[in-house]
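Asks: This is the structure I want to talk about, given as structure tokens.
The values are calculated or read from the model by the stated rules, or taken from the named source; none is laboratory data. For clarity, every value in this text was computed on a predicted model and none was experimentally measured. Cβ coordinates were reconstructed from backbone atoms using ideal geometry, including for glycine residues, and neighbour counts include every protein chain displayed.
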Amino acid sequence: MEVVTSNWRHTPAIQLAAALPQEAGFRIDQQVNPAVTTSRIVTEPLETLESDLETLSAGTTPENLHSKIDYFEAVGKEAF
């Protein structure tokens with residue numbers, strides 16, 4: 001497959017056929033890490049950790065739970 005570089009809003013760009021990124025496992029709006037190797041531009045997907053509150057809270061134990069942290073005293077009508 002041959003493509004031509006062009007300008008997109010004053011930035012160099014390459015338009016790819018939709019099948020190419022899909023075949024490589026890329027998703028729309030996915031963050032990527034472009035890198036330059038010897039006369040090549042390589043783009044790798046960044047792995048993102050997807051977690052929900054239940055999964056994160058499941059790791060909380062009495063041993064790793066910290067005590068209340070008091071950053072300041074009330075200065076107005078704050079209710080603590």
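Asks: Residue 5 versus (1) modelled with pLDDT of 85 or more; (2) under 23 Å from the mean Cα position of the chain (by Cα): which is the lone unmet condition?
Replies: Unmet condition: (2).
Asks: Which members of region 48-68 meet the condition of being of a type in the set (D, E, K, R) and under 27 Å from residue 31 (Cα atoms)?
Replies: Hits for region 48-68 are 50, 52, 54.
Asks: Among the numbered conditions (1) over 16 Å from the mean Cα position of the chain (by Cα); (2) modelled with pLDDT under 90, tell me where residue 29 comes up short.
Replies: Just one mismatch for residue 29, condition (1).
Asks: Taking the conditions exactly as written (out of contact with any helix residue (DSSP H, G or I) (no Cβ under 9 Å at 6 or more places or on another chain), surrounded by 10 or more Cβ atoms within 10 Å (Cβ to Cβ) and either of a type outside the set (Phe, Trp, Tyr) or at pLDDT 90 or above (or both)), does residue 16 satisfy them or not?
Replies: So residue 16 passes the test.
Asks: Residues to consider are 41, 28; find the one that is surrounded by 10 or more Cβ atoms within 10 Å (Cβ to Cβ) and aliphatic (A, V, I, L, M).
Replies: Going through 41, 28 in turn, the sole match is 41.
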